[in-house]
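**Q** Just passing along the structure, written as structure tokens.
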Amino acid sequence: MTAPPVPFALEAQGLTRTFGAGTGAVYALDGVDLGFPRGTFTAVMGPSGSGKSTFLSCAAGIDRPSGGRVLVAGTDVTDWDEDRRSRLRRERIGFVFQDFQLMPYLTAEQNVGLPPRLAGRRPDRARVRGLLDLVGLADRAHHLPGRLSGGQRQRVAIARALVTDPAVVLADEPTGALDSATARDVLALLRACVDELGQTVVMVTHDPVAAAYADAVVFLADGRVAGRIEAPTADAVAARAAHLDDRAAHLDERAVRR
Ligand SMILES: Nc1ncnc2c1ncn2[C@@H]1O[C@H](COP(=O)(O)OP(=O)(O)OP(=O)(O)O)[C@@H](O)[C@H]1O
């Protein structure tokens, strides 16, 4: 007997996003099929302009795809109106950004409690405290972000991303602003969110070392899925990324010559 497939926390089916029209149209996403099984950590890589940010925006319901479907925890959210999509973003999706995006005038604890507050609920204090403990900041609960290091701020942001127990955590270059030792700690924390909490993490990164923390790496090129590496090593990821960068540069050169 074969095991039943692991359900997807996030799925893109034939996802397309075009900007502009006619001969000047840009296919930022051009028929992307990707499924992110629940309880897995996936890195998304690709040359500049390959569609990574557009993919995250469409997956999160920030941007509307031009075609195809987005499913969050099995529910098709593609045609939801702005109200429902904004609720989806608040309650079912956790975000981690390169520049942390914490509220500077709120303490660490208040920042973590913000998503439920924005949803009109009183944050569960024990849960907020538990998450601060999980990310190693139990003793910094009353500190403002300005009194925390970059790595500590990103830990607060990760706790905030987890507070609603989202279907998926979307991380956009979460270590881009951190030194390499701090970055490793943050990546280990994202890994622990998957291994110990059963969370699903999708992380856009340019860094092969960061990508090697994931279970799999998906490569985009020209808005399409251009490859995948399971159980990635930094060397394997760097080699594939370099190949895609070379190809993108070659195509750009040809476009300029034409
Ligand atoms: N609002 C927009 N209007 C027009 N074109 C856009 C817009 N947003 C993105 N694009 C184009 O879509 C393509 C994909 O862009 P996207 O930002 O998703 O790439 P990326 O892989 O995230 O790049 P980077 O690694 O540089 O952040 C690019 O050609 C970009 O110029």
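**Q** Name the residues whose placed amide hydrogens come within less than 5 Å of the amide hydrogen of residue 168, ignoring near sequence neighbours (fewer than 5 apart) on the same chain.
**A** Amide H neighbours of residue 168, under 5 Å, 5+ apart: 94.
**Q** Angle, helix 180-197 long axis vs. longest principal axis of the chain, Cα atoms, 0 to 90°, nearest 10?
**A** 80 degrees
**Q** Net charge within 11 Å of residue 220 by Cβ-Cβ distance, Lys/Arg positive one each and Asp/Glu negative one each, not counting residue 220 itself?
**A** +1
**Q** Turning to a different aspect of this structure: Dividing the Cα convex hull volume of the chain by residue count, how many Å³ per residue is that?
**A** Once divided by residue count, the hull of the chain is 151 Å³.
**Q** If you don't mind, there's one more thing I want to ask. Would you please name the trypsin sites (Lys or Arg not before Pro) within region 63-153 that are DSSP coil residues with at most 15 other C-beta atoms within 10 Å of their C-beta?
**A** Sites meeting the loop and neighbour criteria: 121.
**Q** What is the fewest-to-most order of 215, 124 by other Cβ atoms lying within 10 Å of their Cβ? Could the numbers behind the result be given before it?
**A** Values: 215 18, 124 13.
Neighbour counts put them in this order, fewest first: 124, 215.
**Q** Let me ask something else. If you take the alpha carbon radius of gyration of region 112-258 and divide it by 2.2 N^0.38 Å, what ratio comes out, to two decimals? The partial results should precede the final answer.
**A** Details: Rg = 18.3 Å, N = 147, 2.2 N^0.38 = 14.7 Å.
Taking the Cα Rg and dividing by 2.2 N^0.38 Å, one obtains 1.25.
**Q** List the residues whose amide H sits under 5 Å from the amide H of residue 16, counting only those 5 or more places along or on another chain, with H placed 1.01 Å from N in the peptide plane.
**A** Under 5 Å from the amide H of residue 16 lie the amide H atoms of 31, 32, 66, 67, 68, each far enough along the sequence or on another chain.
**Q** Still on this structure, I have one more. Compute for region 90-154: radius of gyration divided by Kirkwood radius, i.e. Rg/Rh, restricted to C-alpha atoms, rounded to two decimals.
**A** Computed over Cα atoms, the ratio is 0.93.
**Q** Quick one: helix 82-91 against the long Cα principal axis of the chain, what's the angle to the nearest 10°, folded into 0 to 90?
**A** That works out to roughly 60 degrees.
**Q** Something else now. Just to confirm my numbers, what's the Cα centroid distance between region 1-72 and region 191-211 in Å?
**A** Spelled out, the Cα-based centre of one part sits 17 Å from the other.
**Q** So what J values fall out for region 98-105 if you push phi through Karplus, 6.51 cos²θ - 1.76 cosθ + 1.60 with θ = phi - 60°, rounded to Hz, Gly and Pro as x?
**A** Values per residue, Gly and Pro as x: 4, 9, 6, 6, 8, 7, x, 9 Hz.
**Q** Given a Förster distance of 35 angstrom, what is the FRET efficiency for residue 185 paired with residue 82, based on the Cβ-Cβ distance and rounded to 0.05?
**A** 0.40
No value in this document is a laboratory result; all are computed from the given coordinates. Just so it is clear, the structure is predicted and the values come from calculations on it, not from any experiment. Methodologically, a virtual Cβ is constructed for each residue, glycine included, from the backbone with ideal geometry; neighbour enumeration extends over all protein chains shown.
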